[in-house]
1. What does the extension gain come out to for residue 72 and residue 400, with contour length at 0.36 nm per residue minus their alpha carbon separation?
2. For the residues 77, 345, what sequence is obtained by ranking on other C-beta atoms within 10 Å, fewest first?
3. Send over the Kirkwood Rh of the chain, from the inverse of the averaged 1/r over different Cα pairs, rounded to one decimal Å.
4. Taking a quarter of the surface of the Cα convex hull of the stretch 187-277, what do you get in nm²?
5. Return the lysines within reach of residue 340: Cα separation strictly under 20 angstrom, same-chain partners fewer than 8 residues apart disregarded; answer none if there are no such residues.
6. Can you tell me the Rg and Dmax of the stretch 286-413, counting just the alpha carbons, in angstroms?
7. Among 376, 211, 396, which comes first, second and so on when ranked by fewest other beta-carbon atoms within 10 Å?
8. For a footprinting-style exposure proxy, rank 167, 408, 66, 280 by other Cβ within 10 Å, fewest first.
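Each value in this text was obtained by applying a stated rule to the coordinates, not by laboratory testing. What you see is a predicted model; the values in this text were computed from it and never measured. Cβ coordinates were reconstructed from backbone atoms using ideal geometry, including for glycine residues, and neighbour counts include every protein chain displayed.
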Amino acid sequence: MSKICVLGQGYIGLPTALLLANNGHEVVGIDVNKRVVDSLKAGKMPFEEKGFQELLDGAIAKKAFRAESLVEEADAFMVAVPTPFDPELRMADLKYVVSACEMIVPHLRRGNLVIIESTIPPNTCEKKIKQILEKSTLKMCEDFYVSHCPERAIPGNTLHEMVYNDRVIGGINEESTRLTADLYSSFVKGDLHLTTSTTAEMIKLMENTFRDVNIALANEFAQIADDYGIDVWKAIEIANKHPRVNILKPGPGVGGHCIAIDPWFLTENANNSSLIMMSRQINDSMPQYVLKMVKEMLAGIENPTVTVFGVAYKGDIADTRATPAKKFIKLAEKEGYRVKIYDPFVKEWCYSILGLEEAVEGSDCIVVLTDHSEFREMSPEKFGGKMKKLNIIDTRNIINIALWKESRYIIKTIGNCFGQ
Ligand code: SAJ
């Protein structure tokens, strides 16, 4: 058993801390946000996802977890704070990682291990983390150890993926890798892949960039398919039957706190990254493409009202971080449209979220932006004749077309603008 301080009690740090606590370690969860610490001290999760509260209850019952605002001495420190994107510089903003490491410095002792889970650009452990931690006067590799072990769990299924996904463990030297692998093997059932810290930093960014580029390709295919009047969804489905092809889905753009920003962490020091940058541009431009579809559909209607179905960045979660819906709504409002919003998961947002009936009342067009399961079998009969015009644009290819056709809706799907 070892004592571990986990800095950052967010979507990744907190479940990781609780898994460690439930698997034989003494864990202190540190957060600068008093509300988070107070909630944990009261035994309540500050945010919800399946299985989280039970894990917290278990850790508290074992007396293996407590939340604090200040760092204390430990055997290992884990940093799981956000790495935001600096849009002006198009670079990773490491301010939270830096301040977390600075908080560790006064408590760093000989033999300690420091693990960075936060996403960081290549070479950050070798250069920046070393520089900060050595302010303690201890020497990296000789006195203390450092690893990068990137988180790879998908929001919505975090706990399962934290336990069953393979992990990448990149130590600054072999001893760092070995100590980190020992720690993670206490709760990870997937394989542990051992490598160097810089390679691990690169792997994490490559994974998310691969997904971004693949989605950009799907979005480009969708636009080409619209030009030809063919159904891109059917085309992708058949192309993916090829044993070496796996095209992702087109949509209104890429949101979330990872895939839309991590590619920039790769390009910031690269001499040649034009494909990655181009893919970012394609995905970022999708809200404009959706607006173009809406404009075509609503041509001739004066002062139209559109109803957005779904503002979460993806289906069946309440997370709106970097959602493409925000850009679409801003563009639509700029166009002079009145925008009303319905989302069965998101309760509070920078725009007001309405009930279903109120959101469709007097609307000229529904625009489905999020693939919430609820939309899959939703029938327009649910809100009767409340719409002014019977139009729907489905950017996720999720609605049951037969149900909407029965109610005489005009339906357009991204990448299948003509046929159905
Ligand atoms: N999206 C599409 N088409 C697709 C798949 C996704 O348009 O075919 C959109 C989604 O709607 C969403 C965005 O992309 O707006 C990102 O969603 P996602 O499900 O692809 O990924 P995230 O951001 O929720 O989580 C990713 C995951 N990375 C990979 O799958 C390589 C997760 O494993 C990482 O842990 C997470 O990023 C992270 O924290 O880095």
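1. 112.6 nm
2. Placing the least packed residue first, the sequence is 345, 77.
3. 23.2
4. If I average the Cα hull's projected area over directions, I get 8.6 nm².
5. The reachable lysines, counting only those whose Cα sits under 20 Å from residue 340, are 292, 295, 314, 326, 327, 330, 382, 386, 388, 389, 412.
6. Just the Cα atoms of the stretch 286-413 yield Rg and Dmax of 13.1, 36 Å.
7. Final ranking by Cβ density, sparse to dense: 376, 211, 396.
8. Taking fewest neighbouring Cβ atoms as first place, the list is 408, 66, 167, 280.
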